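Participant: Can you keep this structure in mind? I'll have questions shortly.
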Amino acid sequence: MATTTWTRRHVLSLADFSADEYSIVLQTASSFREVLSRRLKKVPTLQGQLVANLFFEPSTRTRSSFELAAKRLSADTLNFAPATSSLTKGETILDTAKTYLAMGTDMMVIRHQQAGVPQAIAMEMDRLEARVGILNAGDGQHEHPSQALLDLFTICSLLDPDRPALDLLNGKKIAIVGDILHSRVARSNIWSLTASGAEVHLAGPPTLCPTLFAQMGAGRPGKLSLHWTVEPALDDADFVMTLRLQKERMDQNLLPSLREYHQLFGITRARLKLCKPNVKVLHPGPVNRGVEIASDLMDDPEFSLISQQVTSGVAVRMALLYLMGGGKV
């Protein structure tokens, strides 16, 4: 485990994460990855603690990953289903959270379609002086910290399986392609990757990759560039992250058609020839096959790290729950 002290009660954003905090998460996740490779994959580190998964919007990977992570740490879990909850009777979100607090919850994992909900719950817990950790599992178009951390862990583990560390990405070129505007994953990845010293290149149609994102790179170790064509972003790239077109978040006609998007920005074998010969491709999922990425490329282990991302997610979320739950580092 890492030797630096972890002091963060809530994980709501990566905008203010320090280099030490990234290192702690990466090293702790590396330890839990070793645990997950054993025949007996369970450890008693959070035995007696209660983790509540409050997911107010649909999720497969994130929700299942957090539930499995909690169980691997021997914590008890509660899963919230909004369709069958008292929200349908007029209960507020904060009252729902306080109900779980009254049940003895130690940590709450929150996903909501509106930005700011996990922060509001964290503020309420702090106001009540409840020692409850809040972990943002994705809020609107704001952030998705654990996804960016598992992406970081996946890449760093590929570069050095024995010592995944932030400085391994210094000077690496990483392209993030797709619906930047609506992507909480992109925002969190911008924070983590520019903190590492990487050269981050965003690419997408002008309607989905606005110039305001360039400000996120100001004053950080890495460099951030924007492109409205995909070729400059892919040129000599070490890694390519392609993002899902979030049709459910689009309230305007921002694209002519999905077919045209794939022709202009879809990641294919032909386009990967612009990148480094050993380039790897990531996608946070779920994937619109044949839109953001060619279906055959997604399943090709020579290029795709998508399965590794899912596996890394359990180790990284174990690390976050462990650290927030008072685990010694």
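Participant: Could you provide, to the nearest whole Å², the per residue accessible area of the chain with probe 1.4 Å?
Facilitator: With all protein chains present, the chain gives 43 Å² per residue.
Participant: At q = 0.08, 0.09 Å⁻¹, what log₁₀ I(q)/I(0) does a Debye calculation on the Cα points of the chain give, no solvent, two decimals?
Facilitator: -0.36, -0.45
Participant: To the nearest 10 Å², what's PHE153's accessible area with a 1.4 Å probe?
Facilitator: For PHE153, solvent-accessible area is about 0 Å².
Participant: Separate question: Treating only the Cβ of Lys, Arg, Asp and Glu as charged (+1, +1, -1, -1), what charge dipole size does the chain show about its Cα centre? Round to the nearest 20 debye.
Facilitator: In total the dipole reaches around 600 debye.
Participant: Hey, another quick one. Report, in debye and to the nearest 20, how large the dipole of the range 1-146 comes out about its Cα centre when Lys and Arg carry +1 and Asp and Glu carry -1 on their Cβ.
Facilitator: 720 debye
Participant: Follow-up. By accessible area of protein heavy atoms, probe 1.4 Å, what ranking do ARG38, ARG63 get, highest first?
Facilitator: ARG38, ARG63
Participant: Still on this model: Contact order normalised by length for the chain, with contacts defined as Cα pairs under 8 Å and 6 or more residues apart; what percent is it?
Facilitator: 20 percent
Participant: Among PHE303, GLY140, LEU202, which residue has its Cα positioned farthest towards the positive end of the charge dipole of the chain, with +1 placed on the Cβ of Lys and Arg, -1 on the Cβ of Asp and Glu, and the dipole taken about the Cα centre?
Facilitator: Sorting the options by dipole projection puts first PHE303.
Participant: Can you give the net charge of the other residues whose Cβ lies under 14 Å from the Cβ of LYS276, counting K and R as +1 and D and E as -1?
Facilitator: That works out to 0.
Participant: Treating only the Cβ of Lys, Arg, Asp and Glu as charged (+1, +1, -1, -1), what charge dipole size does the range 88-197 show about its Cα centre? Round to the nearest 20 debye.
Facilitator: Charge dipole, the range 88-197, about its Cα centre: 180 debye, nearest 20.
Participant: Going down the table (LYS71/LYS173; LYS223/LYS276; LYS172/LYS273), which pairs top 28 Å between alpha carbons?
Facilitator: LYS71/LYS173
Participant: Sticking with this structure for a sec: Which one, ALA319, GLY116, SER59, is farthest towards the positive end of the dipole of the chain when Lys and Arg carry +1 and Asp and Glu -1 on their Cβ?
Facilitator: Positive-most Cα among the choices belongs to ALA319.
Participant: How high is the FRET efficiency between ASP299 and GLU57 when r is their beta carbon distance and R₀ equals 30 Å, given to the nearest 0.05?
Facilitator: Between ASP299 and GLU57 the formula returns 0.65.
Participant: Which order do the peptides 199-209, 123-133, 303-313 come out in when sorted by mean C-beta neighbours inside 10 angstrom, highest first?
Facilitator: For the peptides 199-209, 123-133, 303-313, the packing ranking is 199-209, 303-313, 123-133.
Participant: Using +1 at the Cβ of each Lys and Arg and -1 at the Cβ of each Asp and Glu in the range 1-133, identify which of LEU73, PHE17, LEU128 lies farthest towards the dipole's positive end.
Facilitator: LEU73
Participant: Another question, then. Rounded to the nearest 10 degrees, what's the angle between the helix 61-72 long axis and the longest principal axis of the chain, both from Cα atoms, 0 to 90?
Facilitator: Long axis of 61-72 versus the principal axis of the chain: about 40 degrees.
The values are calculated or read from the model by the stated rules, or taken from the named source; none is laboratory data. Predicted, not measured: the structure shown is a model, and the values here were computed from it. So basically every Cβ, Gly included, is an ideal-geometry build from the backbone, and we count neighbours across all protein chains shown. Areas reflect the complete protein model, heavy atoms only, side chains present, ligands, DNA and RNA absent. Shrake-Rupley method; radii C 1.70, N 1.55, O 1.52, S 1.80 Å.
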